[in-house]
């Protein structure tokens, strides 16, 4: 797929990896529609980019995503890719000093990180299926965001790790489901990236986290995640898998 003619939805595009991805893809020539619940930040990011649009979308709501997909398709003249970056991080032990893990917190994590991603994927794919196929028979591509926690979940990450393991597990069945439509599905499992969430921990804590990375000895740059997204979009033979992007980090 030619990135300069791509029409891409980026969820969670108002901050973090989603914002970096929206900025990078827009700079590469793609039309981008940002989905986010934060209207002020989302509109500000879209306004700072060329050929970008913003829609207030709650990924856990079928009606909200359906309206967002219709708005994105109208604004860009179709949809050829969807990048799911919307997500939350929660932490609590299964049984801690305050009792069992709050079930509401576990369910909310699954709903946003896993169900929300699938919600966007299925509705965006239905729109992609209307596209004219290219020479490879391709009509679209979906890129989901998993995490190395899917494989190396740490203490307190039962909700987060299981949600991201679910995201990784979607790649192959979605690829098989949509092969006849010419739609690919991939996921990226990032390690520790220099996002506002990690920056809030302070330089000493960030240095400690970076020390566990095998090589290079640093946190990932959000643009590196965005570059991987572009590579997946452009590389038609990548399908049905999850790529670790982590400097060989294995969480203890």
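With q set to 0.08, 0.10, 0.14, 0.16 Å⁻¹, the log10 of I(q)/I(0) for the chain, from the Debye formula over equal scatterers at the Cα positions, is -0.29, -0.46, -0.90, -1.17.
Return the FRET efficiency for the residue pair residue 135, residue 28: r is the Cβ-Cβ distance, R0 is 22 Å, and the value is rounded to the nearest 0.05. Here the calculated transfer efficiency is 0.60. Taking each residue as 0.36 nm, the span from residue 50 to residue 103 lengthens on full extension beyond its C-alpha to C-alpha distance by 14.8 nm.
Give the value in nm², to one decimal: projected area of the alpha carbon convex hull of the range 28-175, averaged over all directions.
Values: hull surface 41.7 nm².
Averaging across all directions leaves 10.4 nm² for the Cα convex hull.
Each of 148, 79, 8 has some number of other Cβ atoms within 10 Å of its Cβ, and from fewest to most they run 148, 79, 8.
Using only Cα coordinates, the Kirkwood hydrodynamic radius of the range 45-118 works out to 14.6 Å. Taking label positions 7 Å along the Cα-Cβ direction at both residue 207 and residue 4, the computed distance is 4.5 nm, reported to one decimal. Our helix-only sum for the chain, with -39,500 (n - 2.57) per DSSP H run of n ≥ 4 divided by its residues, gives a mean residue ellipticity at 222 nm of -12500 deg cm²/dmol.
Relative contact order (percent) for the range 88-170, with alpha-carbon contacts under 8 angstrom and 6 or more residues of separation? Could the numbers behind the result be given before it?
On the way: 89 pairs, mean separation 33.4, N = 83.
Relative contact order for the range 88-170 comes out at 40 percent.
When both the range 67-132 and the range 185-206 are represented by their alpha-carbon centers, they are found 19 Å apart.
Among 232, 9, sorting on how many other beta-carbon atoms sit within 10 Å of each Cβ, with the fewest leading, yields 232, 9. Taking the DSSP beta bridges with both ends in the chain, the antiparallel portion is around 5 percent.
When 19, 127, 224 are arranged by Cβ crowding within 10 Å, least crowded first, meaning fewest neighbours, the order is 224, 127, 19.
Bear in mind these aren't lab numbers, they're just calculated from the coordinates by the rules spelled out. None of these values were measured; they are calculated from a predicted model. Neighbour counts are summed over all protein chains in view; Cβ atoms, including those assigned to glycine, are modelled from backbone coordinates with ideal geometry.
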